[in-house]
Amino acid sequence: MRVLVLTGAGVSAESGIPTFRGKDGYWKNLDPTKLATPEAFARDPQLVWDWYRERRQRIRSARPNGAHEAIARLAQRTDEFLLVTQNVDDLHTRAGIPAQRMVQIHGDIFVTRCSRSEFSERGGVGSPEPDMRGRLRSIAPTSENDVNLPRCPDCQAFMRPGVVWFGEQLSRNELERVENFIDGGACDVVIVAGTTATFGYIMDWALRASRDGAELIEVNLEETPLSRFATRLARQPAAIALPQIVDELINRGAL
Ligand SMILES: [Zn+2]
């Protein structure tokens, strides 16, 4: 069996992580789609870091839900499996998906990387790792305003969260991992959950992976551009729909 799962913000929302769209996503009356940009960081890195620190904190206190757990169970039962998630949180990882079976196409919020050079590290600002805190403290701020802003130990440029911002390119390495999986053979089951598929590549991957008559399952509360291609639609919260869908696939002996 070959299975591709694509997930988006809707899956994490059920664990209490606010999505970018709609009123819930607003932070201090600011629109997150305008904060998560290279322009916002260039203008006010402190503000952008404050927001990401809060998001990291919120994610740390959140727990994986039934959807994350069902996808992890599916991964365990499947020889050829890839999860592609738009989510930058670590809830899929905490539910038990190993890194080599998952692509975080929009990056990882717990990575801190240099805004100029290739330097990156896990953790960093707001990180619980004590060695990291010591290391950041040891880098002297250049002005009083920068006091809470981490700088790259190699080139002194500001460090930034390891996520893909609006207007930025997806990582070539991660794209290649998805393309290789899809080119490596048609899937038997493709599940698209909690993403509105408004990004063209989600649609493209779902359709290409299901090219040989795979079951194409969409889990979303609303209709999306992908809905008309789906062989099965679940208009329910992912944490309710996915455990049932995975049970059925297992009982049917498909896995
Ligand atoms: Zn650097």
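Throughout, read-outs are computed from the coordinates displayed, never taken from laboratory work. These numbers were taken from a predicted model, which means no experiment stands behind them. Every residue, glycine as well, gets a Cβ built from its backbone with ideal geometry; the counts of neighbours run over all protein chains shown.
Could you work out the relative contact order of the chain, using alpha carbon pairs under 8 angstrom and six or more residues apart, expressed as a whole percent?
With pairs under 8 Å counted, the relative contact order is 24 percent.
About the Cα centre of the chain, what is the dipole size in debye to 20, counting +1 per Lys and Arg Cβ and -1 per Asp and Glu Cβ, all else neutral?
500 debye
Go ahead and estimate [θ] at 222 nm for the chain from helices alone: -39,500 (n - 2.57) per DSSP H run with n ≥ 4, summed, over the residue count, rounded to 500.
-10500 deg cm²/dmol
Counting residues in the chain as N, plug N into 2.2 N^0.38 Å and put the Cα Rg over that result.
Computed over Cα atoms of the chain, the ratio equals 1.06.
Angle check, please: helix 66-77 long axis (alpha carbons) against the longest principal axis of the chain (alpha carbons), in degrees 0 to 90, nearest 10.
70 degrees
Using a 10 angstrom cutoff on alpha carbons, build the Gaussian network for the chain and name the most mobile of Gly200, Gly123, Gly213.
Gly200
Among the GluC sites (Glu not before Pro) within segment 193-255, which fall in a DSSP loop and have no more than 15 other Cβ atoms within 10 Å of their own Cβ?
In loop regions of segment 193-255 (DSSP not H, G, I, E or B), the sparsely surrounded GluC sites (Glu not before Pro) are Glu222, Glu223.
Pairs of Cα atoms under 8 Å, at least six residues apart: use those to get the relative contact order of segment 31-114, whole percent.
Relative contact order, segment 31-114: 25 percent.
Which percent, to the nearest 5, of DSSP beta bridges fully inside the chain are antiparallel?
Within the chain, antiparallel bridges account for around 30 percent of the total.
Name all residues of segment 196-214 having a backbone nitrogen under 14 Å from the label point set 7 Å from the Cα of Glu223 along its Cα→Cβ direction, giving them as ranges.
Residues passing the 14 Å test: none.
Would you work out which of Phe181, Ser171, Pro153 lies farthest towards the positive end of the dipole of segment 139-228? Charges go on Cβ: Lys and Arg +1, Asp and Glu -1.
Pro153
Looking at the chain as a GNM with Cα springs under 10 Å, which of Phe199, Phe119, Phe20 has the largest mean-square fluctuation?
Looking only at Phe199, Phe119, Phe20, the biggest GNM fluctuation is shown by Phe199.
Compute a Gaussian network model of the chain, connecting alpha carbons closer than 10 Å, and tell me which residue from Gly66, Gly167, Gly194 fluctuates the most.
Gly167
Work from the charge dipole of the chain (Cβ charges, +1 for Lys and Arg, -1 for Asp and Glu, about the Cα centre) and give the residue of Ala40, Asn87, Ala70 farthest towards its positive end.
About the Cα centre, the residue reaching furthest to the positive side is Ala40.
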